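The values are calculated or read from the model by the stated rules, or taken from the named source; none is laboratory data. Treat the numbers as computed from the prediction; the structure is a model and nothing was measured. Every residue, glycine among them, receives a Cβ derived from its backbone with ideal geometry; neighbour counts consider all protein chains shown. Heavy atoms of the whole protein, side chains included, go into the accessibility calculation; ligands, DNA and RNA do not. Shrake-Rupley method; radii C 1.70, N 1.55, O 1.52, S 1.80 Å.
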Amino acid sequence: MKILKIFDQAELVLVDLEVNLGKKTQSSPTLCIKMDGKIIPLHSAHDGRPILMNMENAIDFPE
């Protein structure tokens with residue numbers, strides 16, 4: 001393994017993330033990264049599977 005970059009402006013946060021699963025709404029504590037005014041989930045809220053940190057998954061979060 002090789003470290004390519006350290007994100008010094010990123011902060012680990014635990015959020016209560018709500019997702020819609022068809023007609024059902026579910027929420028769960030979710031480990032996320034807070035960076036550049038966005039929240040990026042690190043695992044899925046509905047089943048806890050890990051996901052890659054990807055800006056396409058970012059949720060706007062004005063501070």
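Values as computed for the structure displayed
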{"quantity": "Fraction of accessible area attributable to carbon and sulfur, region 1-47 (%, probe 1.4 Å)", "calculated": "55 percent"}
{"quantity": "Å² of accessible area per residue within region 1-41, as computed with a 1.4 Å probe and no ligands counted", "calculated": "83 Å²"}
{"quantity": "Protection-proxy order for peptides 12-20, 32-40, each taking the mean of Cβ atoms within 10 Å per residue, highest first", "calculated": "32-40, 12-20"}
{"quantity": "Spin-label model distance (nm) - I3 vs M55, 7 Å beyond Cα toward Cβ", "calculated": "2.2 nm"}
